[in-house]
Structure formats: C-alpha cells, structure tokens
Amino acid sequence: MHQSSYDKMMRFRSVFLEHCVNAPLLIYDLGSQDINGSFRSIFSEIEWRYVGIDTVAGRNVDIVVRHPYALRELPGNTADVIVSGQAFEHIQYFWITMLEIARVLKPRGLCCILAPSSGPEHRYPYDCWRFYPDGMKALAAYAHMEVLEVSTQWENLGCGDGSDQWHDSMLVCRKPDHGFWGNLASDLKRKIQHRALIMGI
C-alpha cells in the first residue's frame, strides 16, 4: 500500500462516508495484509468496525479466507462498506471476486476498489492485470452494481515514495436496493453467475 493509494482511500472516506461517522458501519478490507502500510487508520471511528480480510495470515488480517473466489467466511448482505487497494491486479479471476463483493454487501452498501493502471511487474504471487476507467465500469456492471465514481490518475502528483508510477484507477460503486423481491432476484442472478464461474477452479 503506497502513499497515492492511501490518499485516494482518504478521499473516498471524506466524500462518501464522512456523513456516517456516528453510524455503526461494518467495513471489510479485502487484501488487507500490512506489507508497507494499511487503511485501518482511515476507518478508525468509534462506531465503525474495520475487518481486515486476506488469503494468508499476517499483520492487519482479522479473517483469513480459504478461497478468493468463494468468500464463505463472510455472510451475504452484511457489510456496509467493502474496500480493496492494490489487490485486484494480483487476483487471477477478479470478476469472480467482484461477484462475491456484491453478495456480501448490504443493499445500498458501498465498494471502493483501487488498482494500478501502469507500473512494473510486482508478483505477489501473481501480477495479472492493469485497470482503466472503462474496465472499472464494466466490472461494476458485471456484478450489477451502480457506478458512483470512476477515475484514473493520469498525471504525476509528486508522491515522495515513487507511487506515481502506478497511476491508480479508482472505482466507487453501490449495491442497488430494488426492494425485497428485486434484491432476491438480483442475488439469484449473481449466485447463478458465480456457480457457473467457479466450476473447475
């Protein structure tokens, strides 16, 4: 986790969560292991519960999930917010993970994903992808999520740690609330998609 990523997540908090500082929020951070920093301090309000999620144990990991494409340890329709920074480029089939994010979010729950649009290869253990705004929009649409904001840092901002090289893309999206029956139908569609995709993985 580098400085430009931290700054973008701070902006997400300021724009989309500042009005919720006194509300109880369950916030999951996917790919939370503290390699060179974490987002935990951003979400440290008294009423908020920040939970670090990763596939391996380590610093800033509260729950270890067995499989990045089937987050069975996380119940559906429970999270108010899911964030992920600098993880999606390492996930081989990130679109399946996005379906799981949508499953775990409550209706009207928010998701913020940060991932690089450029930069050198950095395998951990894989380095598979780079992301542009159109790709982020397509990812949200694939999981039946509403896009609230999408951007790519095209210019250098003078980050002292050299993190301008990643030119991160940022997606902020929301799980729609279609009412009881509409939500049930959307959940079923995602479940069918997910079941078909994880066969053989």
- Report whether or not Ile35 is at pLDDT 95 or above and either within 18 Å of Asp7 (Cα to Cα) or of a type in the set (Val, Ile, Thr) (or both). no
- Query: Within the range 81-112, which residues are acidic (Asp, Glu) and more than 19 Å from Lys8 (Cα to Cα)?
  - Reply: Glu100
- Restricting the first residue to the range 121-139 and requiring it to be touching a residue at least 12 places away in the same chain (Cβ under 8 Å), which pairs with a second residue that is surrounded by 12 or more Cβ atoms within 10 Å (Cβ to Cβ) and of a type in the set (Gly, Ala, Ser) meet a Cβ separation below 6 Å and a spacing of at least six or different chains? Arg130/Ser117; Phe131/Ala115; Phe131/Ser117; Phe131/Ser169; Tyr132/Ser117; Met136/Ser169
- Task: Considering each of Ser117, Ser41 in turn, give the residue that is closer than 20 Å to Met170 by Cβ and either within 16 Å of the chain's Cα centre (by Cα) or part of a strand (DSSP E or B) (or both).
- Result: Ser117
- Message: For the range 11-25, which positions are of a type in the set (S, T, N, Q) and under 9 Å from Glu47 (Cα atoms)?
- Response: Asn22
- Message: Among the residues in the range 146-166, are any of a type in the set (Ser, Thr, Tyr) and surrounded by fewer than 16 Cβ atoms within 10 Å (Cβ to Cβ)?
- Response: yes
- Message: Quick check on this structure: which one of Lys175, Lys106, Lys137 is surrounded by 22 or more Cβ atoms within 10 Å (Cβ to Cβ) and at pLDDT 95 or above?
- Response: Lys175
- Starting from the range 142-167, keep only residues that are within 24 Å of Asn36 (Cα to Cα), then list their pairs with residues that are crowded, with 16+ Cβ neighbours inside 10 Å and modelled with pLDDT under 85 whose Cβ atoms are within a distance under 6 Å, requiring at least 6 positions of separation or different chains. Asp161/His2; Ser163/His2
- Conditions (1) touching a residue at least 60 places away in the same chain (Cβ under 8 Å); (2) aromatic (Phe, Trp, Tyr); (3) more than 29 Å from Gly200 (Cβ to Cβ): number failed by Trp48: (1)
- If you check Trp181 against the conditions, is it within 25 Å of Asp7 (Cα to Cα) and not charged (D, E, K, R)? no
- Item | Checklist (1) part of a loop (DSSP other than H, G, I, E, B); (2) more than 25 Å from Asn36 (Cα to Cα); (3) not basic (Lys, Arg) applied to Pro125, failing item | (2)
- Message: Pairs needed: first member in the range 78-99, more than 17 Å from Val61 (Cα to Cα); second member anywhere, among the hydroxyl-bearing types (Ser, Thr, Tyr) and part of a helix (DSSP H, G or I); C-beta distance under 6 Å; at least 6 residues apart or different chains.
- Response: Ile91/Thr97; Trp95/Tyr142
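The values are calculated or read from the model by the stated rules, or taken from the named source; none is laboratory data. Please read these numbers as outputs of a predicted model, since none were measured by experiment. Cβ coordinates were reconstructed from backbone atoms using ideal geometry, including for glycine residues, and neighbour counts include every protein chain displayed.
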